[in-house]
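What follows is a short report on a single structure.
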Amino acid sequence: MEGRGHFVPLESARSTKHGVHRGMSSVTIPPPAFCHRPLEAPFRYLFGPGPSNVPPRVLAAGGRPIIGHMHSEMFGIMNDIKKGIQYAFQTSNNMTLAMSGSGHTAMECALFNIVEPGESVLVAINGIWGERVAEIAERMGAKVHTLVKTPGGHFTNAEIEQALAKHKPVLFFLTHGESSAGLVHPVDGIGDICHKYNCLLLVDSVASLGAAPLLMDQQNIDILYTGSQKALNAPPGTAPISFSERACHKMFNRKTKPVSYLLDMTNLSNYWGNDGKPERIYHHTGPVSGFFALRESLAILAETGLENSWKHHTEVAEYFWKGLEDLGLKLFIKDKDLRLPSVTTIAIPEGYNWKELLAYIMKHHRIEFTGGLGPSVGMLLRIGLMGYNCNKANAAMALAALEDALKQCRMSKA
């Protein structure tokens, strides 16, 4: 290296049968140009289905000095996280923890630990998340059976019971907050039905936790998981999950080892101090800063109160829904009681190119909305107002941006 930012290869480097001489440079790839400028990330209003904007308190927590992932202080923070998740999930389950990864990691953790090759699994598909679970289960050798409805559809308890009786699965999967369609699915009674057929109930609450009522123990949910980046308002990268005693009995009495070492709950239960052993043994290096942020986001939810959070999200959502209807837009989920408070879906207005609408709003308002996902692509727009972003001022801002886009993009082709 000579000067600042200039790379000069050393032509005198000589190779021998033992390799390059020490002191001679073997570096042939120059430093990338980005390292000579500071990191820049634009500010945007993240009003899509997640991630959402993070409050300063959580950002500050994530920016605190790193400590070791096996330090006693870190274990104390992990214990706080466990208690915070138990409150958020409304569960007394001992086997409660946070995955080192996104909500998808928790989804795979549940499947990998509960299901063995050749076992029957029943998956409710009314959006992308059921599709993902079915594919994961199929990849790991399960016998996958599906209940399928178009995006926005929901399943009656009678339909679920009929399928359980027919297929006799060890696990039934249901998405509580189907963010690809904007639907919050009823859960009452489903856990009881599953247990009647000796089946475990797995529920995805990534898009709904903290925004819509969900009570793990009271509703007899066996495995529940969520993500950090939506109504919980932490950065992406951690995923709370909890297992009932019934689920623990199934996963700790397997005939085969889970396909993933990283997600093996035998190891993770020790790392989180849930296995009753006096010492925690190294398994992997957890996301220390991510756990700091998650701990603080759970504290904020507890300070707010779950019922207050549910009520607040509903009030803001109803204000937003009325504003959309006043603009002449059609809500994708017709039944108000089935609308997900955290993620509102709008039928694409006739005569508009949805991609152009979203691009205009991003360019002129610095606001992120998104289109559909998976089976709902081309059917709807998705707007998320959750956690820190959930207030009427942001709802009004979103409405104004939509109104502007509808005026400016009117001549677009469908």
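Condition check for Ser26 on (1) free of Cβ contacts under 8 Å to residues at least 24 places away in the same chain; (2) under 30 Å from Ala247 (Cα atoms); (3) touching a strand residue (DSSP E or B) at 6+ places or on another chain (Cβ under 9 Å): one failure, at (2). In segment 156-186, how many residues are open to solvent by 10 Å² or more (accessible area, probe 1.4 Å) and within 22 Å of the chain's Cα centre (by Cα)? Residues meeting the conditions: 2.
To keep it simple, each residue is scored yes or no on (1) in contact (Cβ under 8 Å) with a residue 40 or more places away in the chain; (2) out of contact with any strand residue (DSSP E or B) (no Cβ under 8 Å at 6 or more places or on another chain); (3) over 16 Å from Asn93 (Cβ atoms); (4) of a type in the set (Phe, Trp, Tyr).
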{"position": "Asn157", "(1), (2), (3), (4)": "no, yes, yes, no"}
{"position": "Leu174", "(1), (2), (3), (4)": "yes, no, yes, no"}
{"position": "Leu214", "(1), (2), (3), (4)": "yes, no, no, no"}
{"position": "Gly227", "(1), (2), (3), (4)": "yes, no, yes, no"}
{"position": "Lys255", "(1), (2), (3), (4)": "yes, yes, yes, no"}
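Yes/no per residue for (1) touching a Phe, Trp or Tyr at 6+ places or on another chain (Cβ under 7 Å); (2) surrounded by fewer than 17 Cβ atoms within 10 Å (Cβ to Cβ):
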site: Ala234; (1), (2): no, no
site: Glu245; (1), (2): no, yes
site: Ser260; (1), (2): yes, yes
site: Asn274; (1), (2): no, no
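Of all residues in segment 289-305, those satisfying the criterion of being closer than 16 Å to Leu59 by Cβ and surrounded by fewer than 19 Cβ atoms within 10 Å (Cβ to Cβ) are Ser289, Ala299. Taking the condition at pLDDT 95 or above and either more than 30 Å from Asn391 (Cβ to Cβ) or open to solvent by 80 Å² or more (accessible area, probe 1.4 Å) (or both), does Lys83 pass? Yes, satisfied. Within the option set Leu263, Leu298, being more than 21 Å from Glu73 (Cβ to Cβ), in the same structural domain as Leu209 (by the TED database) and under 18 Å from the mean Cα position of the chain (by Cα) holds for one residue only, Leu263.
For Asp264, indicate whether it is touching a Pro at 6+ places or on another chain (Cβ under 6 Å) and farther than 16 Å from Gly68 by Cβ. When the stated conditions are applied, Asp264 passes them. Of the residues in segment 189-199, not one is surrounded by fewer than 18 Cβ atoms within 10 Å (Cβ to Cβ) and closer than 25 Å to Lys330 by Cα. Phe320 falls short on exactly one of the conditions (1) aromatic (Phe, Trp, Tyr); (2) in the same structural domain as Leu340 (by the TED database); (3) surrounded by fewer than 20 Cβ atoms within 10 Å (Cβ to Cβ), and that condition is (3). Taking segment 373-414 as the range and being among the small types (Gly, Ala, Ser) and either touching a residue at least 60 places away in the same chain (Cβ under 8 Å) or open to solvent by 60 Å² or more (accessible area, probe 1.4 Å) (or both) as the test, the residues that pass are Gly374, Ser376, Gly384, Gly387, Ala393, Ala395, Ala396, Ala398, Ser412, Ala414.
Okay, residues lined up against (1) in contact with a helix residue (DSSP H, G or I) (Cβ under 7 Å, 6 or more places away or on another chain); (2) hydroxyl-bearing (Ser, Thr, Tyr); (3) closer than 30 Å to Gly84 by Cα; (4) assigned by the TED database to the domain that holds Met70:
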{"residue": "His283", "(1), (2), (3), (4)": "yes, no, yes, yes"}
{"residue": "Ala293", "(1), (2), (3), (4)": "yes, no, yes, yes"}
{"residue": "Leu329", "(1), (2), (3), (4)": "no, no, no, no"}
{"residue": "Leu340", "(1), (2), (3), (4)": "no, no, yes, no"}
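Of the helices (runs of 4 or more DSSP H) contained entirely in segment 52-170, those carrying at least 2 residues that are within 29 Å of Ala181 (Cβ to Cβ) and not assigned by the TED database to the domain that holds Glu368 fall at 72-89, 103-114, 128-139, 157-167. In segment 359-372, of all residues being touching a residue at least 24 places away in the same chain (Cβ under 8 Å) and open to solvent by 20 Å² or more (accessible area, probe 1.4 Å), the one that is farthest from Arg57 (Cα to Cα) corresponds to Tyr360. Contact map, segment 304-323: first residue among the acidic types (Asp, Glu), second residue part of a helix (DSSP H, G or I), Cβ cut-off under 9 Å, separation 6 or more or different chains; pairs are Glu315/Lys392; Glu318/Lys336. Ile29 fulfils the conditions (1) outside the structural domain of Gly177 (by the TED database); (2) among the aliphatic types (A, V, I, L, M); (3) touching an Asp or Glu at 6+ places or on another chain (Cβ under 8 Å) except for a single criterion, (3).
The values are calculated or read from the model by the stated rules, or taken from the named source; none is laboratory data. The model shown is predicted, which means the values in this text are computed figures rather than measured ones. Using ideal geometry, Cβ is built from the backbone for each residue, glycine included, and neighbour counts are taken over all protein chains shown. Accessible surface areas use protein heavy atoms only, side chains included; no ligands, DNA or RNA. Shrake-Rupley method; radii C 1.70, N 1.55, O 1.52, S 1.80 Å.
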